[in-house]
1. Could you check, for the stretch 146-162, whether at least one of its residues is in the same structural domain as GLY194 (by TED's automatic domain parsing), closer than 24 Å to GLU86 by Cβ and either of a type in the set (A, V, I, L, M) or surrounded by 15 or more Cβ atoms within 10 Å (Cβ to Cβ) (or both)?
2. When the residues of the stretch 67-89 are narrowed to those that are in contact with a Leu (Cβ under 9 Å, 6 or more places away or on another chain) and without any contact (Cβ under 8 Å) to a residue 40 or more places away in the chain, which ends up surrounded by the fewest Cβ atoms within 10 Å (Cβ to Cβ)?
3. Considering only residues that are aliphatic (A, V, I, L, M), over 12 Å from LEU158 (Cα atoms) and without any contact (Cβ under 8 Å) to a residue 40 or more places away in the chain, which ones fall in the stretch 184-211?
4. Considering only the stretch 70-167, give the helices (runs of 4 or more DSSP H) lying wholly within it that have at least 2 residues that are touching a Pro at 6+ places or on another chain (Cβ under 9 Å).
Amino acid sequence: MIRVFIVDDHPIVREGLRSLIQHQPDMTLVGEADDGTKVISSITTLKPDVVVIDLRMPGLDGLGVLRQAQALTPAPSCLVLSSYNEPDYVIAAIEAGARGFLLKQSAYTAILDAIRAIANGEYVISPNLVGVLFTNVAELQRERLRQALADDESALRLLKALADGATTLEIGAMLHMSEVTVKRRIQDLIKLLGVRNRTQLVAEAVRRGWI
């Protein structure tokens, strides 16, 4: 039997989830709360397997509850049920310890399946959020590469030479590269920094304080 605890400040949401869970033969509702500050003491006592939680609440918000819940022994599996689909919210919830993130407009069957899945140690993400997350993760990876570029002496010398008006042939001689390699490296930097041409590339390098 999966022991479920609901945390949401909207009575109609709690009522809907309560009715849904109470009609499942493999689930039991052990408690609910409308304020994040009331949650930790309750789940410490009631020991639910799964906590279904909203992010925006009075008092302690959902992220705060998630972080504190993960410090408990045993820690419950937490499913975020939110109306916010921005990637920052999703990533923050996952980093805080959520095992699942669904949008509130998800079908009841999807919510029940998610509760069962995370109770079984799985991770769940709303299908509507997958594309957004992959796009955001790709951008984070690009930003890490941009940050690493700040320590790439060869790239910084190339950018400085471009800013000084050097030709690709002159840059190649300075960096001991062929002119073809220099041109390819410049195009790679343009793509990485999300600019359109060499002028914008130099301007972006200046903006970041690299040259």
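1. Residues of the stretch 146-162 that are in the same structural domain as GLY194 (by TED's automatic domain parsing), as a first pass: 146-162.
Cutting the leftovers down to closer than 24 Å to GLU86 by Cβ gives us 146-147.
In the following step, the residues that additionally are either of a type in the set (A, V, I, L, M) or surrounded by 15 or more Cβ atoms within 10 Å (Cβ to Cβ) (or both) were identified as 146.
Scanning the stretch 146-162, I find at least one residue that is in the same structural domain as GLY194 (by TED's automatic domain parsing), closer than 24 Å to GLU86 by Cβ and either of a type in the set (A, V, I, L, M) or surrounded by 15 or more Cβ atoms within 10 Å (Cβ to Cβ) (or both), so the answer is yes.
2. Selected residue: SER83.
3. ILE190, VAL195, ALA203
4. On the way: elements: 87-96, 108-119, 127-149, 153-163.
In the stretch 70-167, 127-149 are the helices (runs of 4 or more DSSP H) which contain 2 or more residues that are touching a Pro at 6+ places or on another chain (Cβ under 9 Å).
The values are calculated or read from the model by the stated rules, or taken from the named source; none is laboratory data. Computed from a predicted model, the values in this text were never measured in an experiment. Quick reminder, even Gly has a Cβ in these numbers, built from the backbone with ideal geometry, and neighbours come from all protein chains shown.
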